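Reviewing the structure listed below.
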Amino acid sequence: MEKKLKNLEEECLKAVIKAENLEELKKLEIKYLGRKGKLTLILRGLKDLPKEQKPLIGKLSNEVKNTLEKAFEEKKQKLESAGIEKELKKEFFDTTIPGKARKIGHIHPISRLQEEVERIFSQMGFAIMDGPEAESEYYNFEGLNIPEDHPARDMQDTFFIKGKGDKKHGRMVLRTHTSPVQIRTMEKYGAPLRVIIPGRCFRYEATDASHDSTFYQVEGLLVDEKTSLGHLKGILAEFLTRLFSKPVKIRFRPGYFPFVEPGLEVDFSCFICKGKGCRVCKHTGWIEFMGAGMVHENVLKSGGIDSKKYQGWAFGFGLTRLTMMRHEIDDIRLLTSGNLRFIKQF
Ligand code: PHE
């Protein structure tokens, strides 16, 4: 009996040493110490032993049991800590590696100029309006006094959107200018009015360094009981002077747009050479800036405004073009190219 116990102890200890993982160890524990385990069976048989053997074998069995339990416990801890170490090794990361610098972007030069334009006009009491980029033929053309067969329609090559459209509003187009929002604003708010409308416009252009199918404009509209082109000139000179932080002069020339009467082309004195002549102003001292004029009475009517009581003026300039002049950018396509090396300069 004594021998049997000793053998069992030795056998079990050897197996414990060999066990490579917790699972194996658990199985061994069941095999030797479990309810039907080898040692348990021996312990149960104790009661059948002759009386004089009982104390000795009983003591020995208990010792074997304790030794084995201890061995299992020690091995268990060993395996567990080895497991944790392994996990830690897997998760280890080198805290001395320098972090990846997060690249911070910045606002696009067109958006920045738009924000400046909005700020200056807001300070002069103008509200900022918005309108749809996909517009009806009515708002883009008819309502602005450009009838179907009017030759002015040829001035703006247009992206038409598929579909028949309805009788009053016609087909849908990508707006060719921000002027349709003049009518929308008059319809919505009536007179008097003082607004600017910055926004994206589209023309079916053959793309080159100075033409793109997508560009930005800013429309201006003032409607009141009494106003004149003198006010327009004053407002524009003030706007440009604030924008460039130096005095800017304005020049009016006659121009034609069906939605104004009289119509004007507006130039400003070159902000780079101050009128002496340079590359930006093509050596004229003046920069062609925008179209403008007194709002045509048919347009006031389209907007539901009493043209006997109210008059107004409107202007429209290219925000994209102004951005190009400001930064002396010579190719319009760069602005929407997504070329980071270009855009990071601003
Ligand atoms: N809508 C015109 C254009 O795109 C500009 C303009 C606006 C002219 C308002 C006169 C009055 O060219």
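The values are calculated or read from the model by the stated rules, or taken from the named source; none is laboratory data. Keep in mind that what you see is a predicted model, and the values were worked out from it rather than measured. All Cβ positions, glycine included, derive from the backbone under ideal geometry; neighbour counts span all protein chains shown. Each accessible area value is taken on the protein alone, full model and side chains, heavy atoms only, with ligands, DNA and RNA left out. Shrake-Rupley method; radii C 1.70, N 1.55, O 1.52, S 1.80 Å.
Ignoring ligands, DNA and RNA, what accessible area per residue does the chain give at 1.4 Å, in Å²?
Each residue of the chain exposes 60 Å² on average to a 1.4 Å probe.
Find how many whole Å separate the alpha carbon centroid of the stretch 92-119 from the alpha carbon centroid of the stretch 176-197.
35
Would you please give the FRET efficiency between Q77 and K6, computed as 1/(1 + (r/R0)^6) with r the Cβ-Cβ distance and R0 = 35 Å, to the nearest 0.05? Mind dumping the intermediate values first?
Values: r = 26 Å, r/R0 = 0.74.
The computed FRET efficiency comes out at 0.85.
Given a Förster distance of 41 Å, report the FRET efficiency between I272 and I97 from their Cβ-Cβ distance, rounded to the nearest 0.05.
0.25
When only Cα pairs under 8 Å and 6 or more residues apart are kept, what is the percent relative contact order across the stretch 128-200? Intermediate values should be presented prior to the final figure.
Values: 101 pairs, mean separation 33.2, N = 73.
With pairs under 8 Å counted, the relative contact order is 46 percent.
Under a cut-off of 18 Å between alpha-carbon atoms, report the aspartates and glutamates in cross-link reach of K89, not counting same-chain residues fewer than 8 places apart.
E80
Taking the Cα centre of the stretch 2-90 as origin, sum charge times position over the Cβ atoms of Lys and Arg (+1) and Asp and Glu (-1), and report the length of that vector in debye to the nearest 20.
In debye, rounded to 20, the stretch 2-90 gives about 300.
Under a point-charge model restricted to the Cβ atoms of Lys and Arg (+1) and Asp and Glu (-1), what is the dipole moment magnitude of the chain relative to its Cα centre, in debye to the nearest 20?
Values: 60 positive and 49 negative charges, 420 e Å.
Here the size comes out at about 2020 debye.
Over all alpha-carbon pairs of the stretch 1-150, lay out the pair-distance distribution in 10 Å bins, whole %, shortest bin first.
Taking every Cα pair in the stretch 1-150, the percentages come to 8, 19, 13, 8, 6, 6, 6, 7, 9, 9, 6, 2, 1.
What number, rounded to the nearest 500 deg cm²/dmol, is the helix-based mean residue ellipticity at 222 nm of the chain, given -39500 (n - 2.57) per DSSP H run of at least four residues and division by all its residues? Present the calculation step by step, with values, prior to reporting the outcome.
Values: 11 runs with 139 residues, N = 346.
It lands at -12500 deg cm²/dmol.
How many percent of the accessible area of the chain is carbon or sulfur, using a 1.4 Å probe?
Whole-percent figure for carbon plus sulfur exposure: 53.
Show me 172-179, 94-101, 125-132 ranked by packing, highest mean number of other Cβ atoms within 10 Å first.
Working: 172-179: 23.5, 94-101: 5.5, 125-132: 15.2.
Taking the mean over residues of other Cβ atoms within 10 Å, the ranking is 172-179, 125-132, 94-101.
Of the beta bridges DSSP finds with both residues in the chain, what % are antiparallel, to the nearest 5?
Taking every DSSP beta bridge within the chain, about 95 percent pair in antiparallel fashion.
Taking the Cα centre of the stretch 47-169 as origin, sum charge times position over the Cβ atoms of Lys and Arg (+1) and Asp and Glu (-1), and report the length of that vector in debye to the nearest 20.
Roughly 1660 debye, rounded to the nearest 20.
What list of whole percents do you get for P(r) of the stretch 281-332, with Cα-Cα distances grouped in 5 Å bins up to the one holding the largest distance?
5, 15, 20, 14, 11, 10, 10, 10, 5, 0
Once you place label points 7 Å from the Cα toward the Cβ at E148 and K54, how far apart are they in nm?
12.1
What Kirkwood hydrodynamic radius, in Å, does the chain give when the mean of 1/r is taken over all pairs of distinct Cα atoms and then inverted?
27.1
Jot down the radius of gyration and Dmax of the stretch 2-90, Cα atoms only, both in angstrom.
For the stretch 2-90, the Cα-based Rg and Dmax read 15.6, 59 Å.
Using label points projected 7 Å from each Cα along Cα→Cβ, tell me how many nm separate E63 and T207, to one decimal.
With each label point 7 Å from Cα toward Cβ, the separation is 9.4 nm.
Please give the peptides 160-169, 267-276 ranked by average Cβ packing (other Cβ atoms within 10 Å per residue), highest first, as a rough proxy for protection.
Per-residue mean Cβ counts within 10 Å order the peptides as 267-276, 160-169.
From the residues F215, I128, L236, which one has its Cα farthest along the dipole of the stretch 109-343 in the positive direction, the dipole being from +1 and -1 charges on Cβ of Lys/Arg and Asp/Glu about the Cα centre?
L236
Suppose a student asked you for the relative contact order of the chain, using Cα pairs under 8 Å spaced at least 6 residues apart; what percent would you report? Mind showing how you got there, number by number?
On the way: 529 pairs, mean separation 48.1, N = 346.
With pairs under 8 Å counted, the relative contact order is 14 percent.
Which residues' amide hydrogens lie under 5 Å from the amide hydrogen of G293, considering only partners 5 or more residues apart or on another chain, with H built in the peptide plane?
Result for G293 returns L264, A314.
How far apart, in nanometres, would the label points at E87 and A237 be if each is projected 7 angstrom from Cα along the Cα-to-Cβ direction?
7.9
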